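Have a look at the structure below before the remarks.
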Amino acid sequence: MKKSILFILIFLVIGLVLGYLIFGRISGEYVNISAIFSQSENVLESIGRNIAGLEQMRQNILISGGVGAVLGLILFLFRRK
């Protein structure tokens with residue numbers, strides 16, 4: 001059980017890092033991680049984040065992490081057999 005969780009967590013982190021490297025850029029520059037994952041404090045900031053594409057960027061990075069976790073689980077199950 002511990003090995004499977006460790007395997008999943010490792011691939012989750014790999015997925016998040018790859019997601020950031022793929023989706024974490026605006027105009028060729030990487031966006032600060034805290035800017036991507038921070039919450040909006042007011043309506044104007046929320047609108048600005050939507051216009052800049054930070055919400056979509058965060059969603060894509062989190063999806064990449066989820067795909068990495070699922071891939072880790074699948075690889076663990078195949079490796080176990």
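Please compute, for the alpha-carbon atoms of the chain, the extent along each of the three principal axes and give them in descending order in Å.
52, 26, 15
Give a residue-ordered list of calculated ³J(HN,Hα) values for the stretch 28-45 (Karplus: 6.51 cos²θ - 1.76 cosθ + 1.60, θ = phi - 60°; whole Hz; x for Gly, Pro).
Along the stretch 28-45, the couplings run x, 10, 6, 7, 4, 4, 5, 5, 6, 9, 7, 8, 6, 8, 8, 5, 5, 5 Hz.
Quick note: the coordinates plus some simple rules give every number you see, no bench work behind them. The structure displayed is predicted, hence computed values, not measured ones.
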